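These notes are about the structure you will find just below.
Just so it is clear, none of the values below were taken in a lab; they were calculated from the coordinates. Here the structure is a predicted model, which means the values were calculated and not measured. All Cβ positions, even for glycine, are placed from backbone atoms using ideal geometry, and neighbour counts span all protein chains on display.
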């Protein structure tokens, strides 16, 4: 996207400079040495700042829009397996904290009602599809298997069990483990 905005700036720059030069009887060198240089350079600075601002806004909106929060019933979480953990008190509520967009599974804990899993930075229908980037089709292997899923060597990417999710959350709360959302 930055490339497109830079192209836009160059197009505006070239159109603006052609208009001034075309309408001016002076040569390019004479044009730059006159008082019009200041207004021309000021305009170019403004155009550059606008393109930087637009690039920043687009980049931030793309970053924040990658993974939406899920409703747990009484609160929101990044992924369903975090729903049983009360965000205000840090208390583990188990099945009673798993509502809204999520449902309780006795073997795996809190999971999405719609069969979609969080891979960490993107979603997939099943865990074994997490290692493949949905935008590029690139194989990311173990680094693409996070969130609701875990990497299991030769088996690849598979769903976490409820016990593994509880351990992840307790390690995270103790500050011993960093949550992987990249």
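Could you give the length gained on full extension between residue 71 and residue 95, defined as 0.36 nm per residue of separation minus the Cα-Cα distance, in nm? Let's see the in-between values first.
On the way: separation 24, 0.36 × 24 = 8.64 nm, distance 1.44 nm.
Extra length from residue 71 to residue 95 when fully extended: 7.2 nm.
What percentages, rounded to whole numbers, describe P(r) for region 85-182 computed over all alpha carbon pairs with 10 Å bin width beginning at zero?
Calculated over all Cα pairs of region 85-182, the distribution is 16, 45, 32, 7, 0 percent.
Between residue 103 and residue 163, what is the label-point separation in nm under the 7 Å Cα-to-beta-carbon projection?
2.5
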